[in-house]
Structure formats: structure tokens, C-alpha cells
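Inspection log for the structure reproduced underneath, given as C-alpha cells.
The values are calculated or read from the model by the stated rules, or taken from the named source; none is laboratory data. A quick note: this is a predicted structure, and the numbers were derived from the prediction, not measured. Here Cβ is always computed from backbone atoms with ideal geometry, including for glycine, and neighbour counts include all displayed protein chains. All accessible areas refer to the heavy atoms of the entire protein, side chains included, with ligands and DNA or RNA removed. Shrake-Rupley method; radii C 1.70, N 1.55, O 1.52, S 1.80 Å.
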Amino acid sequence: MIKNNYMNRVYQELQTKFGHQTEYLQAIQEFFSAIEPIVDSHPEYESKAILERLVTPERIISFRVPWLDDNGQVHINHGFRVQHSSLLGPYKGGLRFDPSVNESVLKFLAFEQTFKNSLTNLPIGGGKGGADFNPRGKSDNEIMRFCQSFMTELSKYISEKQDVPAGDIGVGHREIGYMLGQYKRLKGVELGPLTGKPVSANGSLARTEATGYGVVYFANEVLKEDQETLKGKKIIISGAGNVAFYAAQKAQQLGGQVIAMSNITGSIYDSEGIDLKIIAEINATNEQNFANYVIKYPHAIFSKESVWSRSIKADIALPCATQNEINGEQAQNIIQNGIRYLIEGANMPSNTDATAIYNQTNDFTWAPGKAANAGGVAVSALEMTQNAMRLKWSFEEVDQELEKIMNKIFLQCKAACQTYHLGNNYAAGADIYAFKNIVELMNIHGII
Ligand code: GLU
């Protein structure tokens, strides 16, 4: 419950205007409850409309994306780019192609991205975009036509100096490649109007691995606080994309035992440890059916249930799928399963009931996506640096830099927790650190 009058008024006004934008309101509510002590001690924020400026994107671009399927049928999707904040630099954040995409989801993601990017201490503003297009089951030509049509419109609003999108759910190397090609046809050659490019197309080494590796580097720091390590810890990971896969790979490299993973088809529990080779093989098929894991490992148990609803004893949870994948009941189940650490690889994977339960549970530590998954966008910024320098760094150089950035983000969250007596509430620590950064920049820039 927020008590501050100014915060309540701003939130209520948003509710009246955007009552149907549930994800956007959820992200703001969580953020507001974390920063309340700061706002309490700065009554001047109200006359400067700090909060109103903070929650309102600088610009929302919304456009029609017509495309032709292989049978000659025309389809229309809705494309967006939310340019939330340029205070720190060019707008930066991924593009998501998924049927769940709408203005609310992208406004929440762009809002979160602004603070995530500020936590990296790199010169990148916050943005997010995408379309309600489902790439699943589409042919390669259909994907190319969709990407070309999407970029025909988006190219009017982006450039390496202005706004630099990257991938997200449903947007990988293939999609980035087609969008890059179309961008060059329309606007001329630029090395970096997008990041997350294939390495052969001036992408950065270790960008594909970065988000997942970063999540585990962050988890490692959280564990260190309790004089613990990943060695021998049982880990559950959700999500079908790069974040989950490379989080699993890094966790295994550091001695953790990944015993369960999941995707949209269901979840697999392998008490002897997941074989990532089989997961990679399954991911490369059209159906991506996790049930096929048991063909190779009959002792493993597949279930159509969410991995967060199953009864699997473990130490660490890494939700790396999507927003609100964990509800209150599943949060209870996670705690009953003995899990003591939950490090978010996805953006806002825990709903409000779930985070309330985490915060009430003793001997339980969680870290929010905006801190723990910042490794992806951080390496995107390193990709921009390499493009600007006309240089290519080795995998090891980028990976080492990533680890340093994740350590620093952790230390910033911890320092905010200490200053504001928040214990191990890293979610509040991350929000407070990022908020203070952004407010300082707002003051520097004047009323814009
Ligand atoms: N989509 C990723 C994120 O949520 C990466 C964004 C980027 O690399 O610009 O942070």
C-alpha cells in the first residue's frame, strides 16, 4: 500500500486513463512502492512533476504492418516502438514478435528498460518495440516479408544515433538480419542501427549468451553474500529462448545442477541433470516438443504443467520465460519446494502476488529482472561500442566485461539496500539506485 499522497494521485490518474493497460500499471505500482521513501523525503518532486515525467514515454509510434503469406493472403499486424527515455542516450531495447504484444506490454517493457539500462552505467536510453506477430510455424519467406514490412515503417524512427533496437522474444539472428538488410536499402549503410546482429554481420561475440550468462553471474554474487556458491546447487529454469539456454549452460559450467527446464510445450525434470545437447536438438525442431527429451532419457519426467506448479525440490529458480509466468500459488509452491533463491532472467516474470510472497518469506532472496537480466542489453551497448570503434573484441574480452558489469550492478543494488535499510530486498535496491540516477539526469536536462 502506497501512503504518499503525490504518488497515489499520479497512480490513480494513470488508472483512470490507462485502466486496461494492466502490465504497464503493474510495473509502475511495483516501482512506486520501492521508491516511496525517496519521494517522501523530496516534496519538491511534485511541483517538478518528476513522477508524471518518469512514467510517460517520450514517444509512442504505432503502425500497420501488412504482409503477404505464401498462399497470397494479406495479413495485417500491429507494430510499435515505445521510446521511453533518451536521458541516458539513444533509445535502446529489444523488439518482441509475439501474439501477446500490445501497447500495455511494450509500455511496461520500455519503462523497465529505462531503469535496467541505467543500472548498466552505459550510455543507453530506454525503449522497446515489436508486433503482435507470431513467428511460430511461419516459413522463412513469410518471416522475411514480415520483417521487411515492419522495418519499412520503423526505419523512419531509428538510426545508430537515435534509437537502436535489438532482439527479444520471437526476434533472433534471422529476424535481425532481414531487418538490417531492409534498413540499409531504405536509409543507406550504417554498421549499427540494430544490435544482436549475427557475428558475421558485425554483431558482437558473446551477445547471444550475454543475458543468460549475466543472470548466472548475478546469481553468483547473490549467493556469495551468504557464503554460498553454485556448486552442487539444484536449479530450475523456465523459458525456451537464449536466456534460459545460456543460463543453464553457465550454471552447469559453474558446477550447478540444472534439474528442470520448460518451454511452451511443457516441462522436463531430469534428476540426473538436464542434457543441454538434447535441449538444443529439440529447440532446432519446428515443434520444440520437450516431451521428446524422454526418448533419450526415459528416467526423466515430462509434464504439460508449468515447471513452477510441479513438485520438484531444488535450491535456485531462474524464471527466464516471460512476464507474469509465476503467480501467487506458484510462488508458494516454489518456496515449499525448498527454493531459497529466485533470480529473474525474464522481465517481470513474477506477478504482484508472487513478489508479495517472496518479500514476506524469511530466508528467501530474489533479484528482479531489471538488474539480473541486464547483461543482454549491456553487451548490446558493447556491440555499439565495437561498431563505433570499427573493432571486434574476442569472446573472452566481452564475457569478462559482462561479468564486471553484472558484479557492479549487484554492488549498486546492495549499496542501495544498505543505505535504505532494505536487508536483501534487491528489487527495491535496484529501483532506488536507478530512480536516483534518472532523477539526477532529469534535473540536468531541465523540463523536457
Ligand atoms: N530484449 C533485451 C532486454 O530485455 C535486450 C535489449 C537490447 O539488447 O537492446 O533487455
Looking at the structure I just gave you, is W366 touching a helix residue (DSSP H, G or I) at 6+ places or on another chain (Cβ under 6 Å) and outside any helix (DSSP H, G or I)? yes
Residue tally, condition assigned to a loop (DSSP other than H, G, I, E, B) and farther than 24 Å from G369 by Cα, over segment 290-310: 5
Can you give me the number of residues within segment 334-356 that are open to solvent by 30 Å² or more (accessible area, probe 1.4 Å) and not in a loop (DSSP other than H, G, I, E, B)? 5
If a residue has to be surrounded by fewer than 17 Cβ atoms within 10 Å (Cβ to Cβ), of a type outside the set (V, I, T) and farther than 11 Å from S350 by Cα to count, how many in segment 299-328 make the cut? 6
Kindly evaluate N77 against the criterion of being touching an Asp or Glu at 6+ places or on another chain (Cβ under 9 Å) and polar (S, T, N, Q). yes
Only residues that are within 14 Å of the ligand (Cβ to nearest atom) and either of a type in the set (A, V, I, L, M, F, W, C) or farther than 17 Å from E175 by Cβ (or both): list them for segment 60-84, please. V82, Q83, H84
Restricting segment 189-214 to residues that are more than 12 Å from the ligand (Cβ to nearest atom) and of a type in the set (D, E, K, R), which is surrounded by the most Cβ atoms within 10 Å (Cβ to Cβ)? E209
In segment 90-109, what residues are within 10 Å of the ligand (Cβ to nearest atom) and hydroxyl-bearing (S, T, Y)? Y91
Go through segment 192-215 and count every residue that is in contact (Cβ under 8 Å) with a residue 40 or more places away in the chain and β-branched (V, I, T). 3
Is there a residue being among the aliphatic types (A, V, I, L, M), more than 23 Å from H84 (Cβ to Cβ) and within 16 Å of the ligand (Cβ to nearest atom) anywhere in segment 389-398? yes
If a residue counts only when it is among the β-branched types (V, I, T), touching a Leu at 6+ places or on another chain (Cβ under 6 Å) and loosely packed, with under 15 Cβ neighbours inside 10 Å, which helices (runs of 4 or more DSSP H) contained entirely in segment 1-114 have at least 3 such residues? none
From the residues in segment 162-180 that are surrounded by fewer than 19 Cβ atoms within 10 Å (Cβ to Cβ) and in contact (Cβ under 8 Å) with a residue 60 or more places away in the chain, which one is farthest from the ligand (Cβ to nearest atom)? Q162
